Every structure is written in structure tokens, then in C-alpha cells.
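> Can you read through this structure? Questions will come right after.
The values are calculated or read from the model by the stated rules, or taken from the named source; none is laboratory data. Given the structure is predicted, the values throughout are model-derived calculations rather than measurements. So basically every Cβ, Gly included, is an ideal-geometry build from the backbone, and we count neighbours across all protein chains shown. The accessibility values were calculated without ligands, DNA or RNA, using every heavy atom of the protein model including side chains. Shrake-Rupley method; radii C 1.70, N 1.55, O 1.52, S 1.80 Å.
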Amino acid sequence: MKSLFKKTTWILPVAALLIACGGKEKKDKLAENTAAETSKTKTLAIEKPQLTFGFIKLTDMAPLAIAKEKGFFEDEGLFVSVEAQSNWKNVLDRVIDGQLDGSHMLAGQPIAAGAGFGRQAKLVTPFSMDLNGNGITVSNDVWSKMKPNVPKGADGKPIHPIKAEALKPVIDEYKTNGKAFKMGMVFPVSTHNYEIRYWLAAAGIHPGMYTADNVQGQIDAEVLLSVTPPPQMPATLEAGTIYGYCVGEPWNQQAVFKGIGVPVTTNYDIWKNNPEKVFVMTEKFVEENPNTAIAVTKALIRAGKWLDEPSNRPEAVKILSMSQYVGAPEAVLANSMTGTFEFEKGDKREMPDFNVFYKYNATYPFYSDGIWFLTQMRRWGQIPESKPADWYANTIKDIYRPDIWTKAAKLLVEEGNIPAGDIPTTDGYKPATADFIDGTTYDAKDPISYINSFKIGNKDKAVQ
């Protein structure tokens, strides 16, 4: 009897397993593939495996969500919690204070922290999270007044990119009526602040200056720019507190879905394939946990690559729609994440590069990307005094860390997770480019000439 019992207890689980296998062939095959991928990971001696990272509810936090949900962090021996934060100031403070080990952050935040504007700290960026991804939206009322000033194509639809010249008569009308024209952006050192300023100034509209005594950035402003957290943008627009805003997705498409506003341009049109968010840790964390920093970067690079496979975007949309991540409806997220972007309701256009997470060396932290932010900080007065050209290069090299990225990428090549050709041969500088809405050429190796090329903004002498 005991023998029979033993045989039975052995046979039943095996039989159940065989039946389960027959019914879950696809799932098993996926598990085998996952195991195969995991086995080739060159695991480092991780100093701190338990990590907490922060993010703001925006589409471009996607690499963090994907690295967690697809097991890329776990492959590296990392056990990561990913927590939504209330606003960008909170993100910065919690990373500096050590409550977060790292975070999705505005590219300008670690740069400002190291350059003398706002709260100071030694922060580093080993990974650039994405390119593009922002838009400028105006209220329905403002759009109705702008629209007659916008050239139309043969199909009767507005010709893009729409420049701020179309907005200028509207601003003048508000001024004549004694009404200030108010627009929102997400943070003083955000890409969004510099993009909306660039767009306005390219049309001769003054977006205001900062000084050491006036940190509102509204001196001589024809448009009053103020800070609004990204998820609150549509509601603030609907309430009439602001008449337009610059923000990342899904908050431009949300205005279209709610029928309260019209996106008029994207940052792809303001600066083609511009850098957007970065992943940031403190210099202290990186020095104390060098292998952990490399492992985190490895997982994020893999996530970026996964995201830029078009066939993966629908799954990415489902993941991002989860309440613990962006929490927006799938239809809203899909409007920009799957290769299209909707402007005026029903005017949906192909924009395959609206969100880029890996192509065009998107994940590499180029010095030239960081220097652009420094030039804008100086242009608008956030950096109040002239600096020599080498200050720009020296400042950014303490913050942007392509050395960490390169170590991570080389390990991924050895593992077969990325091709060797995806590691750029570079000195950290992209070639000079004129891919801006006003055609101005940006050469990161000559920041003073770039600053001086603009009609609106500070001008610098070549400081020695």
C-alpha cells in the first residue's frame, strides 16, 4: 500500500505537469526563451540590490516601467521599486536627500544642480531616456483665433510645423484688451520651458528673462510662463487659468480627447530628435555602488531597445496605462506611442519618431545635449553671468557620464543583447545641426557664438 501511495504521489504531479504543458505550450516556450536570455546575462557584483526609483506620470518614463515589467532589472540581480512622484521639485529633492536611489528626471535638473541655478548637488546622468515626446497645446478659443493665420494645404488642413507667428496677433489682441497672455510649462529648468521659449522667440515674441533677483522669468515678457505639474495641465487649461502649455505625453493628447484644446506643434518640429528626459543618480551613489550603476544602465538600455521595436508598442501602451505607471487610458497613450499624433480633433498624422527610446543613439548621454541646456540657461538669465566656452564643456563632463553608459553597453554586446554597431564612435559631441524650427545652427563646441546668434536673450563676449 505504501508503495502504491508513493507511486501515486509521484505519478499524479507528473501527469498534471504533462497536461499543463500540453495546454500551455506557448507559455512554456516563452519561459524557455526568458531563461535563455537570463542565463547569458553577465551579472556584476551588485553592491545594492534593493533600489527605489522615482518618476512623474509621463509616457517617457517608459524605460523604467519596461525594465521592471519585462524582468530586465531582475536579470541584473536588481530588485527595483518604481514610485510615482507628485512634481519635479519633489523628484529632485528626494534623489538629493537619498530617499530615492535614482529617478526619471528633466534633463535640465541635474545640469542646473551642478551649474548654480536652484538647489545645488552633485548629480550624474549615465542614461538618456528618450528623444522628442513633447507638444505645445492651446485652448480651443486661442486656436480659433490662430487658425486663420496658419497656411493650409491642398487638403484644407493646416501646414505643419505651425510657427508662433500665427499666435502673435492673438497675443497682441489680449494685450490691447489689457489681458496678460498666460501659458504653462512644467518646471523652470525643463526642456518644456526652453522649447516653448524657443518657439515663441523664433517668432519675435519675448518669453521673459530671469535675473538673480527675479526667478519667475517674466521680465519684459509678452507671454507669462508659469509652472504647472504635467498631469494637471489639461484641467488648468480647461479652467482658463492658462491659455496654452508645453508638456509631454499623454497630456497633449488628453486635451484632444477631452475636446478642450489643440496641439499646434511638437518638440520634434522645434528641434528634430531633441533630448528629453534623463535617468539621474547622485555622484555619491555612483561612487559607492559602481557595479549597481552599470547594472541599472544595462537594464534601461535593454528597455529602450525593446520599446523601439514597433511590434512592442501596443504592449508598452498596456503597461503604461496601469495605475502604478502613467495611468492614462490606452487610447490616449496609443495616439502618440504607436507612431501617430493627433492635432486638431480628427487630424491624426503619421509621426513615427514622436517617441524615440533607442534609435539615433537616444540612450547615450551626449555632452552636446547637456551643453544645449546650459546655453538656454544662459540665454534666459538663469545663469546670470557670462562664462568662458570651456566652462560649458567642463561643467557638463561632471554631470553627463558616457563612461558608465559605455561599460554597460559593452557588456550587453558581449551578452548578445545589442549589436556592437549600436555603440557610437564619438567624442561625446554630435555634429553641428540646423534642425531647429528657425534654422539656427547649434554647434556645442562653440556655445558663445550660439548664444549670441539669437535676437532675443542675453549676449556674451568671449570670456577668457
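> Taking segment 156-170 as the search range and keeping residues that are open to solvent by 60 Å² or more (accessible area, probe 1.4 Å) and touching a residue at least 60 places away in the same chain (Cβ under 8 Å), which one is farthest from I136 (Cα to Cα)?
K157
> Okay, next question. Within segment 400-418, can one find any residue that is within 23 Å of the chain's Cα centre (by Cα) and in a strand (DSSP E or B)?
Within segment 400-418, one or more residues are within 23 Å of the chain's Cα centre (by Cα) and in a strand (DSSP E or B).
> Return the only residue of D390, D369, D403 being out of contact with any Cys (no Cβ under 9 Å at 6 or more places or on another chain), farther than 22 Å from A303 by Cα and modelled with pLDDT of 95 or more.
Working: D369 fails: farther than 22 Å from A303 by Cα; D403 fails: farther than 22 Å from A303 by Cα.
Being out of contact with any Cys (no Cβ under 9 Å at 6 or more places or on another chain), farther than 22 Å from A303 by Cα and modelled with pLDDT of 95 or more holds for just one of D390, D369, D403, which is D390.
> Could you count how many residues in segment 216-243 are among the charged types (D, E, K, R) and surrounded by fewer than 17 Cβ atoms within 10 Å (Cβ to Cβ)?
Qualifying residue count, segment 216-243: 2.
> State whether one or more residues within segment 391-398 are farther than 18 Å from E276 by Cα, open to solvent by 30 Å² or more (accessible area, probe 1.4 Å) and out of contact with any helix residue (DSSP H, G or I) (no Cβ under 8 Å at 6 or more places or on another chain).
Checked against the condition, which is being farther than 18 Å from E276 by Cα, open to solvent by 30 Å² or more (accessible area, probe 1.4 Å) and out of contact with any helix residue (DSSP H, G or I) (no Cβ under 8 Å at 6 or more places or on another chain), segment 391-398 yields at least one hit.
> Looking for whichever is over 23 Å from the mean Cα position of the chain (by Cα) and either of a type in the set (G, A, S) or open to solvent by 10 Å² or more (accessible area, probe 1.4 Å) (or both) here; the options are N291, N273. Which one fits?
The conditions single out N291.
> Let me ask something else. Which of the following residues is out of contact with any Asp or Glu (no Cβ under 6 Å at 6 or more places or on another chain), of a type in the set (V, I, T) and under 21 Å from N252 (Cβ atoms): I96, I66, I56? Spell out the reasoning first.
Working: I96 fails: under 21 Å from N252 (Cβ atoms); I66 fails: under 21 Å from N252 (Cβ atoms).
Matching residue, one of I96, I66, I56: I56.
> Can P384 be described as outside any helix (DSSP H, G or I) and at pLDDT 95 or above? Walk me through how you get there before you give the answer.
Numbers: outside any helix (DSSP H, G or I): yes; at pLDDT 95 or above: no.
The answer is no for P384.
> Report, by residue number, each residue of segment 70-117 that is buried (at least 21 other Cβ atoms within 10 Å of the Cβ) and of a type in the set (D, E).
D75, E76, D101
> Which of the residues spanning segment 302-345 are of a type in the set (V, I, T), under 30 Å from T406 (Cα atoms) and open to solvent by less than 10 Å² (accessible area, probe 1.4 Å)?
V317, V326
> May I ask you to verify whether P250 is in contact with a Gly (Cβ under 8 Å, 6 or more places away or on another chain), buried (at least 20 other Cβ atoms within 10 Å of the Cβ) and of a type outside the set (D, E)? Step through it out loud before you land on a result.
Numbers: in contact with a Gly (Cβ under 8 Å, 6 or more places away or on another chain): no; buried (at least 20 other Cβ atoms within 10 Å of the Cβ): yes; of a type outside the set (D, E): yes.
Here the answer is no, as P250 does not meet what is asked.
> Which one of these is under 18 Å from A107 (Cβ atoms) and touching a strand residue (DSSP E or B) at 6+ places or on another chain (Cβ under 8 Å): A393, A362? I'd like the intermediate steps shown before the answer.
Numbers: A393 fails: touching a strand residue (DSSP E or B) at 6+ places or on another chain (Cβ under 8 Å).
Every option except A362 fails the conditions.
> Can you name the condition, by its number, that A115 falls short on among (1) at positive phi; (2) modelled with pLDDT under 95?
(1)
> Can you name the residue in segment 203-227 that is modelled with pLDDT of 95 or more and among the hydroxyl-bearing types (S, T, Y) and, of all such residues, is farthest from T375 (Cα to Cα)?
To start, the set of residues in segment 203-227 that are modelled with pLDDT of 95 or more comprises 203-210, 217-227.
Then keep just the ones that are among the hydroxyl-bearing types (S, T, Y); that gives 210, 226.
Working: Y210: 14, S226: 21 Å.
Taking the candidates together, the pick is S226.
> If you don't mind, another one. Being open to solvent by 60 Å² or more (accessible area, probe 1.4 Å) and among the basic types (K, R): is that true of K387 here?
On the way: open to solvent by 60 Å² or more (accessible area, probe 1.4 Å): no; among the basic types (K, R): yes.
Against the criterion (open to solvent by 60 Å² or more (accessible area, probe 1.4 Å) and among the basic types (K, R)), K387 does not qualify.
> Determine whether A444 is under 22 Å from the mean Cα position of the chain (by Cα) and either among the aliphatic types (A, V, I, L, M) or over 27 Å from Y194 (Cα atoms) (or both).
Against the criterion (under 22 Å from the mean Cα position of the chain (by Cα) and either among the aliphatic types (A, V, I, L, M) or over 27 Å from Y194 (Cα atoms) (or both)), A444 qualifies.
> Across segment 419-454, what is the number of residues that are part of a loop (DSSP other than H, G, I, E, B) and polar (S, T, N, Q)?
Of segment 419-454, the ones part of a loop (DSSP other than H, G, I, E, B) are 419, 423-432, 434-435, 437-441, 443-446, 453-454.
Imposing the further condition that a residue be polar (S, T, N, Q) reduces the set to 425-426, 440-441, 453.
Residues that pass the stated criteria total 5.
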